[in-house]
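J.: Sharing a structure below in structure tokens format, with a few things to ask.
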Amino acid sequence: MDFPQEVLFPQKTIFRKGAASEISRECLEFGSRGLIIHGRSLEKNKKKEEILNQFPAAAKVKTFCRVSGEPTLDEIIRVIETAKIVKAEWIIGIGGGSVLDLAKAAAGLFNAKERPAFYQEGGELKEKGIPFIAVPTTAGSGSEATINSVIINKQKGVKLSLRNKSFLARKVILDGQLLKSLPFLAMSYAAMDAFVQGYESFISKNATWFSETFALKAIKLINQNILPACESKTEESLSSLLLGSYFAGIAFSCSRLGVIHGIAHSLGSLYDLAHGLICSVCFVPSIKINKAAMGKKYEIMSNAVGMDFLERIEMLLAAFKIASPFKERELRDKTKIVQTTLKSGSTAANPKQINAVDVEFMLKEIF
Ligand SMILES: [Fe+2]
């Protein structure tokens with residue numbers, strides 16, 4: 001058995017009930033000055049106040065609230081400017097995938113000489129950033145376990161990864177309680193994204209026993225807990241779903257993803273729709289395309305979910321009443337969607353080598 005050539009793991013992961021009450025202690029280990037990036041829900045459920053109250057008066061802590069949508073390159077600049085006001089020694093992201101991606105990129109590029117666009121286009125990052133701490137409040141994007149941030153470049157109308165090994169979270173704090181106030185739709189979209197990530201990693205062309213182990217564990221945990229977490233929000237199901245999402249993140253940061261994420265990033269830059277929703281509706285078409293190429297892995301996944309894998313996914317989509325939002329939309333820029341999907345690094349990891357016919361098939365299924 002070979003060990004994968006390279007494995008990147010967050011330095012410290014805390015997974016326990018009430019872990020959110022340890023946020024200040026974990027941040028202060030990096031210094032007394034920092035920035036908290038969060039979403040609006042943290043204000044609505046009063047968690048923001050609770051977290052700020054954890055810090056001693058002498059600490060210089062600023063906050064930055066994301067309004068909505070996905071993070072842009074300009075937003076990274078605004079966050080870094082805010083963090084510099086307090087001479088931040090760390091940046092913590094407390095929120096969903098967009099919040100974590102923004103916090104991660106801002107911490108990583110804190111001392112960068114060039115504008116963020118330079119690095120998104122592949123420029124070399126020479127300056128060291130400041131520590132990034134990840135506290136996911138959705139399960140989830142898996143962003144807490146990865147080295148990349150998905151950022152929109154508005155000028156070019158594209159959504160691309162900004163990635164660097166130094167971006168990886170120094171600390172991850174997993175507390176299922178933080179998911180409790182998440183609305184049903186947001187919870188189900190995020191959980192389906194995590195499910196897709198576990199699936200794409202498991203069948204990835206680059207999969208190793210290491211990534212497969214985490215991906216399969218993620219598939220099992222997410223499958224078992226997705227419905228109870230969304231419907232009754234039991235403590236146990238929320239914590240297990242969050243852990244499943246984290247494991248999917250660890251898995252795909254080693255193996256990359258597949259054509260669902262290739263096409264989802266392309267569609268996400270053209271249509272203002274939740275990433276988890278786009279991934280959800282591409283799930284079944286991807287299984288159809290990849291079934292032959294994934295070989296015995298299909299059976300392994302079916303065993304993991306206790307029934308035919310495709311039927312289980314259809315069952316979950318029906319339970320969440322997820323229908324394709326594209327059915328009532330016009331297909332714009334088809335050529336551009338096909339080209340960007342084919343060029344995507346996620347598509348490159350897909351087990352079946354994807355061609356234009358495959359992408360057109362997926363588009364036909366969802367539009
Ligand atoms: Fe995703």
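J.: From the list 241, 216, 227, 257, which residue is touching a residue at least 40 places away in the same chain (Cβ under 8 Å), within 12 Å of the ligand (Cβ to nearest atom) and of a type outside the set (S, T, N, Q)?
T.: Numbers: 241 fails: within 12 Å of the ligand (Cβ to nearest atom); 216 fails: within 12 Å of the ligand (Cβ to nearest atom); 227 fails: within 12 Å of the ligand (Cβ to nearest atom).
Sole residue among the options that is touching a residue at least 40 places away in the same chain (Cβ under 8 Å), within 12 Å of the ligand (Cβ to nearest atom) and of a type outside the set (S, T, N, Q): 257.
J.: Yes or no: the range 156-164 includes at least one residue that is polar (S, T, N, Q) and farther than 27 Å from residue 112 by Cβ.
T.: no
Matching residues to (1) assigned to a helix (DSSP H, G or I); (2) more than 16 Å from the ligand (Cβ to nearest atom); (3) within 24 Å of the chain's Cα centre (by Cα):
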{"residue": "269", "(1), (2), (3)": "yes, no, yes"}
{"residue": "273", "(1), (2), (3)": "no, no, yes"}
{"residue": "286", "(1), (2), (3)": "yes, no, yes"}
{"residue": "299", "(1), (2), (3)": "yes, yes, no"}
{"residue": "303", "(1), (2), (3)": "yes, yes, no"}
{"residue": "310", "(1), (2), (3)": "yes, yes, yes"}
{"residue": "313", "(1), (2), (3)": "yes, no, yes"}
{"residue": "327", "(1), (2), (3)": "yes, yes, no"}
{"residue": "335", "(1), (2), (3)": "yes, yes, no"}
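J.: Which residue, of 68, 98, 24, is in the same structural domain as residue 166 (by TED's automatic domain parsing), part of a helix (DSSP H, G or I), without any contact (Cβ under 8 Å) to a residue 40 or more places away in the chain and among the polar types (S, T, N, Q)? Let's see the steps before the verdict.
T.: Details: 68 fails: part of a helix (DSSP H, G or I); 98 fails: without any contact (Cβ under 8 Å) to a residue 40 or more places away in the chain.
One residue alone meets the criteria, 24.
J.: While we're looking at this one, here's another question. Across the range 123-153, what is the total count of residues that are touching a residue at least 40 places away in the same chain (Cβ under 8 Å) and more than 28 Å from residue 188 (Cα to Cα)?
T.: Number satisfying all stated conditions: 3.
J.: Which of the residues belonging to the range 103-125 are touching a helix residue (DSSP H, G or I) at 6+ places or on another chain (Cβ under 6 Å) and in a helix (DSSP H, G or I)?
T.: If the condition is that a residue be touching a helix residue (DSSP H, G or I) at 6+ places or on another chain (Cβ under 6 Å) and in a helix (DSSP H, G or I), then 104, 105, 106, 108, 116, 117 are the ones that fit.
J.: Name the residues in the range 328-339 that are buried (at least 17 other Cβ atoms within 10 Å of the Cβ) and out of contact with any Leu (no Cβ under 9 Å at 6 or more places or on another chain), would you?
T.: At the first step, the residues of the range 328-339 found to be buried (at least 17 other Cβ atoms within 10 Å of the Cβ) are 337-338.
None - no residue of the range 328-339 is buried (at least 17 other Cβ atoms within 10 Å of the Cβ) and out of contact with any Leu (no Cβ under 9 Å at 6 or more places or on another chain), so the list stays empty.
J.: Moving to a separate point now. Could you run through the range 338-367 and say how many residues are among the hydrophobic types (A, V, I, L, M, F, W, C) and over 18 Å from residue 280 (Cα atoms)? Write out each step before concluding.
T.: Pass one, the range 338-367, residues among the hydrophobic types (A, V, I, L, M, F, W, C): 338, 342, 348-349, 354, 356-357, 359, 361-363, 366-367.
If we keep only those that are over 18 Å from residue 280 (Cα atoms) as well, we get 338, 342, 348-349, 354, 356-357.
Adding up the residues that qualify gives 7.
J.: Can you spot a residue in the range 247-262 that is surrounded by fewer than 23 Cβ atoms within 10 Å (Cβ to Cβ), over 24 Å from residue 19 (Cβ atoms) and among the polar types (S, T, N, Q)?
T.: Scanning the range 247-262 turns up no residue that is surrounded by fewer than 23 Cβ atoms within 10 Å (Cβ to Cβ), over 24 Å from residue 19 (Cβ atoms) and among the polar types (S, T, N, Q).
J.: Any chance you could count how many residues in the range 156-167 are free of Cβ contacts under 8 Å to residues at least 40 places away in the same chain and more than 16 Å from residue 110 (Cα to Cα)?
T.: Step one: of the range 156-167, the residues free of Cβ contacts under 8 Å to residues at least 40 places away in the same chain are 156, 163.
Subset that is more than 16 Å from residue 110 (Cα to Cα): 156.
Of the residues in that region, 1 qualify.
J.: Got a sec? Which of 201, 188, 211, 239 is in a helix (DSSP H, G or I) and touching a strand residue (DSSP E or B) at 6+ places or on another chain (Cβ under 8 Å)? Let's see the steps before the verdict.
T.: Details: 201 fails: touching a strand residue (DSSP E or B) at 6+ places or on another chain (Cβ under 8 Å); 188 fails: touching a strand residue (DSSP E or B) at 6+ places or on another chain (Cβ under 8 Å); 211 fails: touching a strand residue (DSSP E or B) at 6+ places or on another chain (Cβ under 8 Å).
It is 239.
The values are calculated or read from the model by the stated rules, or taken from the named source; none is laboratory data. In this text the structure is predicted, and so the values were computed from the model without any measurement. Note that each Cβ is placed from the backbone with ideal geometry, even for glycine, and that neighbours are counted across all protein chains shown.
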